[in-house]
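Asker: Mind having a look at this structure? Questions to follow.
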Amino acid sequence: MITKQEIREQIIRTVETVKRTNPMAGSITNMVTINFVANAQLAVGGSAAMVYLPEEAEALAKAGGATYVNVGTLLPVHEQTLPHVARVLYELRKPWVLDPVAVGIGSLRNRMLQRFKEYKPSVIRGNASEIMALAGLWELEGGTKASNVRGVDSTDSVDSAKAAAVALARWTGGAVAVSGETDLITDGSVIVYSYGGSHFMQKITGAGCALGGVIAVYATAASPFIAALTGTAVFNLAATRAENKVLGPGSFQVRFLDELYKASPEDIADNRFDIEEI
């Protein structure tokens with residue numbers, strides 16, 4: 001089993017590489033959170049590019065080091081764009097992050113998410129209800145047919161999604177990050193719990209989406225598992241630090257971006273985490 005020291009060293013290398021190389025991670029994300037996703041990617045040292053047309057998404061997938069795909073606020077064009085770019089990324093063997101926002105709501109969303117199964121995203125990031133619902137849609141262990149997703153909110157605990165997260169990671173050969181009060185990250189063979197964060201994260205729009213975009217940035221420089229863990233760690237660290245310096249969610253969002261930018265590789269690697277062997 002991987003050790004804490006090995007994880008710590010890999011996180012440091014990943015953050016250092018991103019800050020030095022300024023890699024591009026393209027995003028197809030929902031219109032509510034485009035700005036926050038891009039700013040978070042820039043704050044950690046990446047380069048952001050936001051698209052939604054099929055030909056532009058394909059070009060970006062080929063040019064970028066990784067891609068973030070979010071199925072939040074869907075437009076008709078996304079039915080063409082999202083499966084197409086997922087196939088291109090899979091064929092190119094380029095890392096990509098899937099955020100199955102509100103899985104279970106609507107036939108269009110479910111059709112697209114079902115097609116993503118064959119294209120095996122490198123990282124899947126969602127809340128517990130979304131992870132369980134996606135595993136159910138893909139007919140994997142731990143999944144639920146009747147989703148408890150309430151819009152973008154989760155009604156399930158992180159621990160209840162453990163089996164689904166492990167099954168999804170084993171199917172894709174990548175990693176799954178389950179966001180909650182304590183975050184869970186798994187590659188199908190080991191589980192890491194990452195601590196920190198802030199209650200203000202639930203009071204702003206796009207925290208989860210921004211995390212997906214940041215994980216994509218780190219996926220340009222690390223394995224899916226380390227990318228997911230590094231992104232989660234820097235978010236938990238920055239949120240904890242920001243909460244101690246603000247009075248409400250408006251100033252929190254600004255301070256959070258500042259703390260993402262200021263966090264050193266060692267700071268991120270030292271954010272508290274525990275390992276559990278499966």
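The values are calculated or read from the model by the stated rules, or taken from the named source; none is laboratory data. No experiment lies behind these values; they were computed from the predicted model shown. Please note: Cβ atoms are built from the backbone with ideal geometry, for glycine as well, and neighbour counts cover all protein chains shown.
Asker: Could you check how many residues of region 86-119 are under 16 Å from the mean Cα position of the chain (by Cα), within 23 Å of Val158 (Cβ to Cβ) and charged (D, E, K, R)?
Answerer: 1
Asker: Moving on to the next point. Taking the condition out of contact with any Leu (no Cβ under 8 Å at 6 or more places or on another chain), polar (S, T, N, Q) and at pLDDT below 95, does Thr33 pass?
Answerer: So Thr33 fits the description; yes.
Asker: So, of the residues in region 180-191 that are of a type in the set (S, T, N, Q) and farther than 20 Å from Thr220 by Cα, which turns out to be surrounded by the most Cβ atoms within 10 Å (Cβ to Cβ)?
Answerer: Ranking the candidates gives Thr182 first.
Asker: Another question, if that's okay. Can you name the number of the only condition in (1) free of Cβ contacts under 8 Å to residues at least 12 places away in the same chain; (2) buried (at least 24 other Cβ atoms within 10 Å of the Cβ) that Gln41 fails?
Answerer: (1)
Asker: I would also like to ask the following. Please go through region 13-38 and give me each residue that is in a helix (DSSP H, G or I) and surrounded by 18 or more Cβ atoms within 10 Å (Cβ to Cβ), ordered by number.
Answerer: Hits for region 13-38 are Thr14, Val15, Val18, Ile34, Phe36, Val37, Ala38.
Asker: Could you list all residues from region 42-84 that are more than 17 Å from the chain's Cα centre (by Cα), part of a helix (DSSP H, G or I) and of a type outside the set (Gly, Ala, Ser)?
Answerer: Once the filter is applied, which keeps residues that are more than 17 Å from the chain's Cα centre (by Cα), part of a helix (DSSP H, G or I) and of a type outside the set (Gly, Ala, Ser), region 42-84 yields Pro54, Glu55, Glu56, Glu58, Leu60, Lys62, His78, Glu79, Gln80, Thr81, Pro83, His84.
Asker: Also, I was wondering about something else. Yes or no: region 150-157 includes at least one residue that is buried (at least 21 other Cβ atoms within 10 Å of the Cβ), touching a strand residue (DSSP E or B) at 6+ places or on another chain (Cβ under 6 Å), of a type in the set (Ser, Thr, Tyr) and modelled with pLDDT under 95.
Answerer: Looking through region 150-157, at least one residue is buried (at least 21 other Cβ atoms within 10 Å of the Cβ), touching a strand residue (DSSP E or B) at 6+ places or on another chain (Cβ under 6 Å), of a type in the set (Ser, Thr, Tyr) and modelled with pLDDT under 95.
Asker: Ile131 is checked against (1) in contact with a strand residue (DSSP E or B) (Cβ under 7 Å, 6 or more places away or on another chain); (2) surrounded by fewer than 21 Cβ atoms within 10 Å (Cβ to Cβ) and fails just one. What number does that condition carry?
Answerer: (2) is the only condition that Ile131 fails.
Asker: Moving on. Across region 192-206, which residue is nearest to Val97 (Cα to Cα) among those that are of a type in the set (Ser, Thr, Tyr) and crowded, with 20+ Cβ neighbours inside 10 Å?
Answerer: Among those that are of a type in the set (Ser, Thr, Tyr) and crowded, with 20+ Cβ neighbours inside 10 Å, it is Ser194.
Asker: Give the number of residues within region 98-127 that are at pLDDT 95 or above, over 11 Å from Val176 (Cβ atoms) and either in a loop (DSSP other than H, G, I, E, B) or among the aliphatic types (A, V, I, L, M) (or both).
Answerer: Of the residues in region 98-127, 1 are at pLDDT 95 or above, over 11 Å from Val176 (Cβ atoms) and either in a loop (DSSP other than H, G, I, E, B) or among the aliphatic types (A, V, I, L, M) (or both).
Asker: Specify which of the listed residues (Leu211, Leu140) is outside any strand (DSSP E or B) and surrounded by 24 or more Cβ atoms within 10 Å (Cβ to Cβ).
Answerer: Going through Leu211, Leu140 in turn, just one is outside any strand (DSSP E or B) and surrounded by 24 or more Cβ atoms within 10 Å (Cβ to Cβ): Leu211.
Asker: Can you find a residue that is in contact with a helix residue (DSSP H, G or I) (Cβ under 8 Å, 6 or more places away or on another chain), hydroxyl-bearing (Ser, Thr, Tyr) and closer than 20 Å to Asp274 by Cα anywhere in region 227-245?
Answerer: Yes; the residues of region 227-245 include at least one that is in contact with a helix residue (DSSP H, G or I) (Cβ under 8 Å, 6 or more places away or on another chain), hydroxyl-bearing (Ser, Thr, Tyr) and closer than 20 Å to Asp274 by Cα.
Asker: Quickly run through region 170-179 and pick out the residues that are in contact (Cβ under 8 Å) with a residue 40 or more places away in the chain and either buried (at least 24 other Cβ atoms within 10 Å of the Cβ) or on the phi < 0 side of the Ramachandran plot (or both).
Answerer: Trp171, Thr172, Gly174, Ala175, Val176, Ala177, Val178, Ser179
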